[in-house]
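Report on the structure given below.
The values are calculated or read from the model by the stated rules, or taken from the named source; none is laboratory data. Being a predicted model, the structure only gives us computed values, none of them experimental. Ideal geometry is used to build each Cβ from the backbone, glycine not excepted, and the neighbour counts take in all protein chains shown. Heads up: the accessible areas ignore ligands, DNA and RNA and are worked out on the full protein's heavy atoms, side chains in. Shrake-Rupley method; radii C 1.70, N 1.55, O 1.52, S 1.80 Å.
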Amino acid sequence: MTPEEQVERLKQFRVELGAIEHSVSDDYLEQFLIARSWNIAGAKDQLLKTFEWRKTNDVDHHPVATLENKLPVLYAVRGYQSIPDSNLEALPGVSESVLRINKYMGGACLHKTDREGCPIYIERLGYHKAKDIAKHATVEEVQGYHVGCNEFLHRVVMKDCSKAAGRHINRETVIFDCTNMGWSQLHMPALYFIRAIADCDQKYYPETLNKFFLVNAPGAFVYVWKIVKAWLDPGTIAKIQIIGSDFKEPLLKQIAPENLPAFLGGECTCEHMDGGCVPSQVLKNAKPLEPQAHNENVPTAYNTEIMKNAKTSDVVRGPTFY
Ligand SMILES: [Zn+2]
């Protein structure tokens with residue numbers, strides 16, 4: 001489809017939508033059109049379902065950490081203007097379930113930007129204690145945590161990246177580091193968590209992926225990939241690059257060395273932060289997070305009172321950010 005035809009399709013989409021409850025940017029509508037291969041009826045159906053899901057779960061008002069409200073972050077953050085470099089900590093307001101899930105995670109961080117200005121999310125998948133996550137957390141808790149992270153990413157970090165790049169940024173680049181991955185990760189209940197997360201992203205946050213690198217993938221990964229691939233949209237699969245130990249060159253093509261952690265072939269070490277670029281309790285490079293009495297046992301990312309009261313109005317479908 002030519003760019004002119006795409007503009008025309010976007011206009012038709014607006015006409016087809018008619019009067020809707022929310023104002024939406026062209027960029028946001030385009031995400032739904034691309035996800036549905038520019039089919040207007042399909043895009044409309046997905047958009048209306050997203051509105052419904054956001055309303056039912058009050059996602060528009062999900063609290064997000066900002067410089068002003070000083071809410072604690074839900075995962076490690078490095079290299080953005082609008083939020084100081086931070087780690088997840090057992091601070092008042094963070095739910096106990098978030099801390100419990102992190103205890104078994106190999107490490108995760110939203111770490112600087114790629115050469116296109118998109119934020120980079122790094123997860124040390126190979127160090128996940130997959131069986132423990134499945135044993136000690138529920139799908140509802142993992143989803144609650146994921147939605148909290150997504151809202152922060154889209155409302156705070158994407159906005160920051162858009163300002164820095166001088167253009168609308170609504171996609172993230174993801175690196176899953178499979179170093180240390182073995183047969184223990186081939187655990188079906190744990191893979192169902194990946195399914196729930198992929199399902200949520202593909203339905204309600206369409207076309208928000210820029211590039212996806214799976215690096216240092218061992219032979220065993222072929223079996224995991226066969227299972228996971230069946231749960232993904234063709235558009236998502238097309239963006240995924242599975243790379244073995246020769247990951248340095250493809251990563252540096254996408255990411256400047258100063259923005260890429262040294263363990264992935266770059267130059268960054270984030271020495272100023274506990275845990276460096278990607279803090280990990282499993283790798284014990286950061287202090288352990290012990291839940292306190294002020295960390296409530298709820299399936300949401302923050303305590304109930306914060307979920308109710310720390311509402312923010314800046315939603316993802318809003319006007320272009322820069
Ligand atoms: Zn770093």
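Quick look at the numbers
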{"read-out": "Geometric extent, Cα atoms of segment 111-242 - Rg, Dmax (angstrom)", "value": "15.0, 44"}
{"read-out": "Estimated distance in nm for a label pair at Asn69 and Asp45, the labels positioned 7 Å out from Cα along Cα-to-Cβ", "value": "3.4"}
{"read-out": "Sulfur and carbon atoms: percent of accessible area, segment 169-235 [1.4 Å]", "value": "59"}
{"read-out": "Set of segment 53-69 residues, backbone N closer than 19 Å to the point 7 Å along the Cα-Cβ line of Leu91", "value": "62-69"}
{"read-out": "Selected from Gly106, Gly266, Gly219 as most flexible by GNM, with the chain as the system and alpha-carbon contacts under 10 Å", "value": "Gly219"}
{"read-out": "The chain: antiparallel DSSP beta bridges as a percent of all, rounded to 5", "value": "25"}
{"read-out": "For segment 3-56, size of Cβ-based charge dipole, Lys and Arg +1, Asp and Glu -1, in debye", "value": "260"}
{"read-out": "FRET efficiency for Trp183 and Lys284, using Cβ-Cβ distance with R0 set to 22 Å, rounded to 0.05", "value": "0.45"}
{"read-out": "Highest-MSF residue in the chain out of Asn102, Asn57, Asn216 [GNM, Cα springs under 10 Å]", "value": "Asn57"}
{"read-out": "Share of carbon and sulfur in the accessible heavy-atom surface of segment 3-56 [1.4 Å probe, %]", "value": "49"}
{"read-out": "Average accessible surface area per residue within segment 1-51, 1.4 Å rolling probe, Å²", "value": "57"}
{"read-out": "Cross-link partners of Lys129 among aspartates and glutamates (Cα-Cα below 16 Å; sequence separation of 8 or more within a chain)", "value": "Asp177"}
{"read-out": "Cα-centred dipole magnitude for the chain, charges only on beta-carbon of K, R (+1) and D, E (-1), debye, nearest 20", "value": "480"}
{"read-out": "R0 of 35 Å, Cβ-Cβ distance Thr56-His272: FRET efficiency to nearest 0.05", "value": "0.25"}
{"read-out": "Helix runs (DSSP H) in the chain reaching 15 Å along axis by Cα, Kyte-Doolittle at least 0.5", "value": "none"}
{"read-out": "Farthest positive-ward along segment 76-309 dipole, Cα basis, beta-carbon charges - from Pro250, Asn295, Cys200", "value": "Pro250"}
{"read-out": "Nearest-0.05 FRET efficiency for Trp225 and Lys135, computed from C-beta distance (R0 25 Å)", "value": "0.60"}
{"read-out": "Label point distance in nm, His294-Ala256, each placed 7 Å from Cα along Cα→Cβ", "value": "3.8"}
{"read-out": "Chain lengthening between Thr2 and Arg167 when straightened (0.36 nm per residue, less Cα-Cα)", "value": "57.2 nm"}
{"read-out": "Protection proxy ranking of 16-22, 170-176, 288-294, 61-67 - average other beta-carbon atoms within 10 Å, highest first", "value": "170-176, 61-67, 288-294, 16-22"}
